[in-house]
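A short reminder: the numbers here are calculations on the coordinates, not readings from a lab. Note that the structure is a prediction, hence the values are computed from the model and not measured. With ideal geometry, Cβ positions are generated from the backbone for all residues, glycine too; neighbour counts draw on all protein chains shown.
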Amino acid sequence: MAVAFGGTVIGNRNDWLANLRWFIPLHDDQYTLVVRKLGPAFIKEFQRRMASGEWKGATPTIVSTGHSLGGGLAQQFAYALPSQEGVPPVTRVYAFHPSPVTGYFSVQKDLRESNSKGLKIERIYERGEILALLRSAQSTFFAPSANNPTITGYRYSVIHNADPIKDHSLGKFACAIAEKLARQTHQ
């Protein structure tokens, strides 16, 4: 099962408040909603579906994904999903051009550490896109975790615009990767 989070909508004030949460402390934003509302609502819906037999005895695994702000929220969801019997933790996060803001410290330490065990976070991004620069600076002070969670970065250089903002486009990134794969397949 995949839980997907959208990225920043340019004209959405709430998205920008979430993006800037490090600089505007002590306010509720999308990260707060993931912890307080989405996690508990997800648990309730997951349990309902399991009880209804909708998945016919399957044992679902949960992954989360997102782009930009959504990549940060996908990581937050993995750290913050309440622990409930019969509901598996998020096992993997696929974060595309992710925000360096993950809400990691906004989650209670015991829950965050429990949910981090065995968690794999894949950060996939275009070299030179705007948030890659911020993540690079951040990693100077806080190196990505090697274990629990395992955070791996996959840097590509497929767009070649030399425009950090345009290079942040997920659509352009996906198309450029698809074109590169198609060229490699036909060689």
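Between the helical axis of 170-185 and the longest alpha-carbon principal axis of the chain there is an angle of about 70 degrees.
Return a whole-number percent for the relative contact order of region 2-185, with Cα pairs under 8 Å and 6 or more residues apart as the contact set.
On the way: 321 pairs, mean separation 33.6, N = 184.
Answer for region 2-185 is 18 percent.
Please give the length that would be gained between TRP22 and HIS160 if that part of the chain were fully extended, namely 0.36 nm times their separation in residues minus their C-alpha to C-alpha distance (nm, one decimal). If you can, show how the numbers build up before the last one.
Details: separation 138, 0.36 × 138 = 49.68 nm, distance 3.04 nm.
Full-extension gain reported as 46.6 nm.
Straight-distance candidates among the lysines for linking to LYS180, with alpha-carbon spacing under 29 Å and chain neighbours fewer than 8 residues away dropped: LYS120, LYS166, LYS172.
Taking a temperature of 37 °C and a viscosity of 0.692 mPa s, what whole-number D in µm²/s does Stokes-Einstein yield for region 2-185 with Rh from Kirkwood over alpha carbon pairs?
On the way: Rh = 17.3 Å.
For these conditions, the coefficient is 190 µm²/s.
Filter the trypsin sites (Lys or Arg not before Pro) in region 52-158 to those in DSSP coil with at most 16 other Cβ atoms within 10 Å of their Cβ, and list the result. Mind showing how you got there, number by number?
Numbers: sites: LYS56, ARG92, LYS109, ARG112, LYS117, LYS120, ARG123, ARG127, ARG135, ARG155; in loops: LYS56, LYS117, ARG127.
Sites meeting the loop and neighbour criteria: LYS56, LYS117, ARG127.
Qualifying chymotrypsin sites (Phe, Trp or Tyr not before Pro) in region 1-74, where qualification requires a DSSP coil assignment and no more than 10 other C-beta atoms within 10 Å, comprise TRP22, PHE23.
If the segment from ARG127 to ALA4 were pulled out straight at 0.36 nm per residue, it would be longer than the present Cα-Cα gap by 42.0 nm.
Output the antiparallel fraction of DSSP beta bridges having both residues in the chain, as a percent to the nearest 5. Provide the component values of the computation, followed by the final result.
Working: 1 of 23 bridges.
So the antiparallel bridges in the chain amount to around 5 percent.
When the expected Rg is taken as 2.2 N^0.38 Å, what fraction or multiple of it is the alpha-carbon Rg of region 1-86?
Working: Rg = 14.7 Å, N = 86, 2.2 N^0.38 = 12.0 Å.
Cα Rg divided by the expected 2.2 N^0.38 Å: 1.23.
Rounded to the nearest 10 degrees, the angle from helix 130-141 to the longest Cα principal axis of the chain is 70 degrees. Going Cα to Cα from LYS56, which lysines come in below 19 Å? Please leave out same-chain ones fewer than 8 positions away. Correct list for LYS56: LYS44. Annotation: for a label point projected 7 angstrom from Cα along Cα→Cβ of ASN12, residues of region 48-90 with backbone N closer than 14 Å are 66-74.
Once the Cβ-Cβ distance of PHE105 and ALA178 is raised to the sixth power relative to R0 = 41 Å, the FRET efficiency obtained is 0.65.
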